[in-house]
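Before any comments, here is the structure.
The values are calculated or read from the model by the stated rules, or taken from the named source; none is laboratory data. Treat the numbers as computed from the prediction; the structure is a model and nothing was measured. Positions of Cβ are generated from backbone atoms using ideal geometry, with glycine treated the same way; all protein chains shown enter the neighbour counts. Ligands, DNA and RNA are stripped out before the accessible areas are found, and what is left, the full protein with its side chains, is counted by its heavy atoms. Shrake-Rupley method; radii C 1.70, N 1.55, O 1.52, S 1.80 Å.
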Amino acid sequence: MSFKIGIMPGDGTGPEVTAEGVKVLDVVAEKNGFTLEKVNFDFGGERFLRTGEVLPNSAIDDFRKLDAILLGAIGHPDVKPGILEQGLLLRTRFELRQYINLRPVRLYPGVPTPLANKGPEDIDFVIVRENNEGLYCGAGGFMHKNTEDEVATQLLINTRAGVERCIRWAFEYTRKYGKHDPKMLTLVAKTNVLTFAHDLWDRVFHEVGKADYPEIKRDYAHVDATCMWMVKNPEYFDVIVTTNMFGDIITDLGAMLQGGMGIAAGGNINPKGVSMFEPIGGSAPKYTGQGVINPLASICAMGMMLQTLGEDAAANQVEEAVKVVTSTKLKGMGAGRMGYSTSEVGDLVVQAL
Ligand code: IPM
Ligand code: MN
């Protein structure tokens, strides 16, 4: 078996953490008998400042020829907010139809959580975020901009097809990986206010669940209540499915519960196409080049990539090795507080493998 992997380190600390993800990937590939062809992409803030180009159309075609992409981070202090986010990250998510954003919220042993009296057995759920629609469509505009009569609109777009494919994928994921008995999928939305858009979500959720996933318990929670429960009783959740915007917000809350941006990973998944995996923390410009940033999130993102490529055994090995490192080695998760440098943490994961 051979995989063609795009490596896109991006900005800030992205290259440092991606180097460790790739280091562990090489070792786990060798151990499991698959080979890798790596293709490097230098897109990001530096290249934009140099050439004015965020992502040429040819890059999207190049991405289509890959099996998966490992992304570091994007975001540059000298580039106006929005340019790289929309032109690189969101464009890739949309054009490659990566309509699932998968974000596990899992507290590994030895990792501090801000929640008192909660441990790894309590904080262990997965958020399936819709990744192609909703408020992220970029539809809307201004009228009478910069006057007192200004009108600004931003459309919340939900298609039946887009909602259904996300919900079906979430049910399939719950069937395969749900941990509760019975397995439970919670729809997180705001049906009491978004009475059209989220009514569609609610109807599709119950129609699909009732017809095709009768063994899975169907649960519903408003997004505001979800924020309370994620803090108060995170053990309640098994798998969550939610919209793009709400998913963006609650996955940052989830990242904090699992020990912060140093460990939180996510996948932008096209189940039949090319998926892209990333540590969900940003480019952390102030730590750039110091070797102090935690690479575990990149290593975990790489592990998720292996699972999506069907290399389940290798993915499990990576996760177990990360657990060994968090439980027996690291002093902390934050930048500069691990007791080891970025590359030493990568080495520790390799040793644990
Ligand atoms: C994320 C990020 C992105 C998002 C930004 C950078 C556009 O916050 O991946 O969660 O909002 O989806
Ligand atoms: Mn976010």
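Scanning region 20-53 for residues that are more than 21 Å from Glu311 (Cβ to Cβ) and either open to solvent by 60 Å² or more (accessible area, probe 1.4 Å) or touching a residue at least 24 places away in the same chain (Cβ under 8 Å) (or both) returns Asn40, Phe41, Asp42, Phe43, Gly44, Gly45, Glu46, Phe48, Leu49, Arg50, Thr51, Glu53. On the stretch given as region 248-294, residues that are crowded, with 18+ Cβ neighbours inside 10 Å, farther than 21 Å from Arg64 by Cβ and of a type in the set (A, V, I, L, M) total 11.
Suppose we filter Ile69, Ile74, Ile5, Ile100 for residues that are farther than 22 Å from Ala255 by Cβ and of a type in the set (Val, Ile, Thr); which single one remains?
The conditions single out Ile5.
Given the conditions (1) within 16 Å of Thr13 (Cβ to Cβ); (2) out of contact with any strand residue (DSSP E or B) (no Cβ under 9 Å at 6 or more places or on another chain), and given that Gly259 satisfies all but one, which numbered condition is not satisfied? Checking Gly259 against (1) within 16 Å of Thr13 (Cβ to Cβ); (2) out of contact with any strand residue (DSSP E or B) (no Cβ under 9 Å at 6 or more places or on another chain), the one that fails is (1). Total residues in region 36-51 satisfying the condition of being of a type outside the set (Gly, Ala, Ser) and within 21 Å of Arg64 (Cβ to Cβ): the figure is 9.
Annotation: of all residues in region 95-132 being within 16 Å of ligand 2 (Cβ to nearest atom) and more than 30 Å from Gly332 (Cα to Cα), the one that is farthest from the chain's Cα centre (by Cα) is Asn132. Taken together, the criteria place Ile293 among residues that are among the β-branched types (Val, Ile, Thr), touching a Phe, Trp or Tyr at 6+ places or on another chain (Cβ under 6 Å) and assigned by TED's automatic domain parsing to the domain that holds Leu348. Going through region 295-317 one residue at a time, which ones are in contact with a Lys or Arg (Cβ under 8 Å, 6 or more places away or on another chain) and either closer than 19 Å to Glu95 by Cβ or open to solvent by 10 Å² or more (accessible area, probe 1.4 Å) (or both)? Across region 295-317, the qualifying residue is only Gln317. Ala161 meets each of the listed conditions (1) within 18 Å of Glu130 (Cβ to Cβ); (2) surrounded by 15 or more Cβ atoms within 10 Å (Cβ to Cβ); (3) among the hydrophobic types (A, V, I, L, M, F, W, C) apart from (2).
Answer with yes or no whether Asp347 is open to solvent by 20 Å² or more (accessible area, probe 1.4 Å), in the same structural domain as Val231 (by TED's automatic domain parsing), at pLDDT 95 or above and within 20 Å of Thr13 (Cβ to Cβ). Considered against the rule, which asks whether it is open to solvent by 20 Å² or more (accessible area, probe 1.4 Å), in the same structural domain as Val231 (by TED's automatic domain parsing), at pLDDT 95 or above and within 20 Å of Thr13 (Cβ to Cβ), Asp347 comes out as no.
Residue-wise test of (1) in contact with an Asp or Glu (Cβ under 7 Å, 6 or more places away or on another chain); (2) touching a residue at least 40 places away in the same chain (Cβ under 8 Å); (3) exposed (fewer than 12 other Cβ atoms within 10 Å of the Cβ); (4) assigned to a loop (DSSP other than H, G, I, E, B).
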residue: Phe125; (1), (2), (3), (4): yes, yes, no, no
residue: Tyr136; (1), (2), (3), (4): no, yes, no, no
residue: Thr147; (1), (2), (3), (4): no, no, yes, yes
residue: Lys179; (1), (2), (3), (4): yes, yes, no, yes
residue: Leu194; (1), (2), (3), (4): no, no, no, yes
residue: Asp199; (1), (2), (3), (4): no, no, no, no
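Specify which of the listed residues (Arg168, Arg160) is touching a helix residue (DSSP H, G or I) at 6+ places or on another chain (Cβ under 8 Å) and closer than 24 Å to Gln307 by Cβ.
One residue alone meets the criteria, Arg168.
For Met228, all conditions in the list (1) open to solvent by less than 20 Å² (accessible area, probe 1.4 Å); (2) closer than 26 Å to Pro112 by Cβ; (3) of a type outside the set (Phe, Trp, Tyr) hold save one; what is the number of the exception? Among (1) open to solvent by less than 20 Å² (accessible area, probe 1.4 Å); (2) closer than 26 Å to Pro112 by Cβ; (3) of a type outside the set (Phe, Trp, Tyr), Met228 violates only (1). Of all the residues in region 58-84, those that are touching a Pro at 6+ places or on another chain (Cβ under 6 Å) and under 19 Å from Leu306 (Cα atoms) number 1.
Criterion first (over 20 Å from Leu90 (Cβ atoms), away from ligand 2 (no atom under 16 Å from the Cβ) and in contact (Cβ under 8 Å) with a residue 40 or more places away in the chain) does Leu257 satisfy it? Here the answer is no, as Leu257 does not meet what is asked.
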